[in-house]
Amino acid sequence: MSRFLRWALAVALTQTALLMLLAWLLAGFNLSGLRAAFVGAVVISLALAAMWPLIYSVSARFHPLLFPLLTFALTGLVVYLVGQAPILGLSIDSIWTGILISLVLTIGYVIIGAFFSLSDDRAYDWFVVRPLQRSY
């Protein structure tokens, strides 16, 4: 299995587990089952991937200290709007719940990204060596 497919599957399964945990912990977030959690994780990931250029361009116009706050607010809005689709089997009551869900899913992304970048020389070359070569 290719590295990208393993990464995508790991992200989907991690997010499914995180959504199931959040549905159990948060009063404003409900799932109709495991299938709804998996479909919700995939749809949320695709919606955020599609909306990320817009979220980034809006957030980047403000002070750098506001960037993370605006990014999570807009990401939470996207998650909230995905939760309003009745066919997915998940419901999100407020934008604050959406922001909390996006925060937890971001933590999951970071953990999975760190796990898949262990001993990855290409990532080091891409993010460290290349910028240094361009600078000097």
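The values are calculated or read from the model by the stated rules, or taken from the named source; none is laboratory data. Values in this document were obtained by computation on a predicted structure and should not be read as measured data. Please note: Cβ atoms are built from the backbone with ideal geometry, for glycine as well, and neighbour counts cover all protein chains shown. For accessibility, only protein heavy atoms count, side chains too; no ligands or nucleic acids. Shrake-Rupley method; radii C 1.70, N 1.55, O 1.52, S 1.80 Å.
Among residues of segment 106-118 being more than 18 Å from THR71 (Cα to Cα) and not polar (S, T, N, Q), the one that is surrounded by the fewest Cβ atoms within 10 Å (Cβ to Cβ) is LEU118.
Among the residues of segment 1-37, those identified as among the small types (Gly, Ala, Ser), within 14 Å of VAL79 (Cβ to Cβ) and in a helix (DSSP H, G or I) are ALA23, ALA37.
A residue that is touching a Phe, Trp or Tyr at 6+ places or on another chain (Cβ under 8 Å) and either in a helix (DSSP H, G or I) or crowded, with 16+ Cβ neighbours inside 10 Å (or both) can be found somewhere in segment 41-60. Taking only pairs six or more apart or across chains, which ones have beta-carbon atoms under 8 Å, a first residue in segment 52-69 that is closer than 17 Å to SER102 by Cβ, and a second residue that is small (Gly, Ala, Ser) and open to solvent by 100 Å² or more (accessible area, probe 1.4 Å)? Partner pairs satisfying both residue conditions: none exist. Sub-8 Å Cβ pairs linking a first residue in segment 1-29 that is of a type in the set (Val, Ile, Thr) to a second residue that is part of a helix (DSSP H, G or I) and open to solvent by 90 Å² or more (accessible area, probe 1.4 Å), at least 6 apart or interchain, are THR14/ILE111; THR16/LEU34, ordered by first then second residue. Scanning segment 32-51 for residues that are over 14 Å from LEU105 (Cα atoms) and within 18 Å of the chain's Cα centre (by Cα) turns up ALA36, VAL39, ALA50, MET51. I need the full set of residues from segment 82-105 which are open to solvent by 50 Å² or more (accessible area, probe 1.4 Å) and touching a helix residue (DSSP H, G or I) at 6+ places or on another chain (Cβ under 8 Å), in order please. Listed by number, the residues that qualify are ILE95, TRP96, LEU100, LEU103.
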